[in-house]
Amino acid sequence: MAEPIIKLGSKGDAVKRAQRALIERSYLLPGTEDGVFGPVTLNAVRRYQTDRSVGHFWAFSFPLTVDGIVGPQTWFRLTPETVKKGSKGSSVRLLQEILKSYADPQFDPGAVDGDFGPHTEAAVKAFQASHVDFDHNPLKVDGIVGPKTWTALWS
């Protein structure tokens, strides 16, 4: 199910989900997920989007427009779908681009082709083995890129 478009004045669970994702990426302070899209959340969304906009390192092939609105593209970056071996598509391409950006041979997924094959799986497992989640717990080394691994990857 697609997330709703949220912006200044929005309230509810979708706002809480966005706030939680922003907290986990250090754009909001812990404990500020109140479900109200106010000026503080607006500023956090704009900073997140700016860091992933054209001309910035974290844009990759999926740059965001800096508009302060959490629409489909911002949701895609903020809460990417879970991917694993056999997955294909934009989320896998984003994963591969992020892994390549580390310039570390153990995290190299091979070709950035949107196809989650054995090289990407090995790179994910190496990344998971050497990183922790938001709460500083070791990531589960399973080759599956779910919310905790995406957050550690700074999606």
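The values are calculated or read from the model by the stated rules, or taken from the named source; none is laboratory data. These numbers come from a predicted model, not from an experiment. Positions of Cβ are generated from backbone atoms using ideal geometry, with glycine treated the same way; all protein chains shown enter the neighbour counts. For accessibility, only protein heavy atoms count, side chains too; no ligands or nucleic acids. Shrake-Rupley method; radii C 1.70, N 1.55, O 1.52, S 1.80 Å.
Couple of notes before you dig in:
- Estimated [θ] at 222 nm from DSSP helical runs (n ≥ 4, -39500 (n - 2.57)) normalised by residues in the chain, nearest 500: -12000 deg cm²/dmol
- Angle between the chain longest axis and helix 39-51 axis [Cα atoms, degrees, rounded to 10]: 30
- Rolling a 1.4 Å probe over the protein heavy atoms of the chain, with every protein chain left in place, gives an accessible area that is 57 percent carbon and sulfur.
- Exposed loop sites are taken as trypsin sites (Lys or Arg not before Pro) in a DSSP loop (any state but H, G, I, E or B) with at most 16 other beta carbon atoms within 10 Å; the longest stretch of the chain without one runs 8-83.
- For VAL70, neighbours were defined as the other residues whose beta-carbon sits under 9 Å from its Cβ, and their charges (Lys and Arg +1, Asp and Glu -1) total 0.
- Centroid-to-centroid separation of the stretch 120-155 and the stretch 1-80 [C-alpha atoms, Å]: 21
- Answer label for P(r) over Cα pairs in 5 Å bins from 0, in percent (calculated), chosen among [x] 2, 10, 19, 21, 19, 15, 9, 4, 1, 0; [y] 2, 10, 18, 20, 15, 11, 9, 7, 5, 3, 1, 0; [z] 2, 12, 20, 25, 19, 12, 7, 3, 1, 0: [x]
- Eligible lysines near LYS16 by straight Cα distance, threshold 27 Å, same-chain separation 8 or greater: LYS7, LYS84, LYS140, LYS148
- The residues of the stretch 83-149 have, on average, 51 Å² of accessible surface per residue, using a 1.4 Å probe with all protein chains present.
- Angle in degrees between helix 90-101 and the longest Cα principal axis of the chain, rounded to the nearest 10: 70
- Helix 118-129 axis, angle to the chain major axis (alpha carbon atoms, nearest 10°): 60
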